[in-house]
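Below: one structure, written as structure tokens.
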């Protein structure tokens with residue numbers, strides 16, 4: 001089961017991923033660390049708008065930001081993805097149990113049919 005703190009972080013992660021601009025930023029960061037200006041380049045929006053997107057991604061644990069003088073660098077982080085992975089793992093286990101029960105039911109139905 002997921003505790004309240006983890007659930008809140010998971011909510012923040014899915015909220016961050018709900019926006020196509022933030023998903024595009026994450027996709028860009030798969031190629032390596034980037035500055036705010038580098039991340040803003042392909043978008044028709046201001047640097048402050050990109051910074052707000054980066055703040056949401058950081059709050060969700062999806063990126064890590066660091067300052068280097070006046071430049072702010074961003075890179076991918078594991079924390080947000082680990083939360084999603086744990087949540088999906090819980091769902092996968094539940095689905096596997098459902099499939100096992102279905103297999104047992106089908107086996108029972110097949111064997112009963114063979115007895116007739």
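In plain terms, if you count all Cα to Cα distances in the chain and split them into 10 Å steps from zero, the share in each step is 13, 33, 21, 13, 9, 7, 4, 1, 0 percent.
In the chain, helices alone account for a calculated mean residue ellipticity at 222 nm of -22500 deg cm²/dmol, with every DSSP H run of four or more residues adding -39,500 (n - 2.57). The long axis of helix 20-29 is offset from the longest Cα principal axis of the chain by roughly 80 degrees. Please list, by residue number, everything in the stretch 57-95 whose backbone N is under 15 Å from a paramagnetic label point 7 Å out along Cα→Cβ of residue 102. Residues passing the 15 Å test: 92-95. With everything on Cα atoms, drop me the angle between helix 47-59 and the longest principal axis of the chain, reported from 0 to 90° to the nearest 10. Rounded to the nearest ten degrees, it is 40.
The angle separating the long axis of helix 4-17 from the principal Cα axis of greatest extent in the chain is about 70 degrees.
You can think of it this way: the chain between residue 90 and residue 110 has 4.2 nm of extra reach, that is 0.36 nm per residue less the Cα-Cα gap.
Among 56, 37, 45, the residue with the largest mean-square fluctuation in a Gaussian network model of the chain, with springs joining Cα atoms closer than 10 Å, is 45. When you restrict to C-alpha pairs under 8 Å that are six or more residues apart and normalise by the size of the chain, the relative contact order lands at 27 percent.
Read the figures in this text as sums done on the coordinates, not as results from a lab. These numbers come from a predicted model, not from an experiment. Glycine gets a Cβ as well: all are built from the backbone with ideal geometry, and neighbour counts include every protein chain shown.
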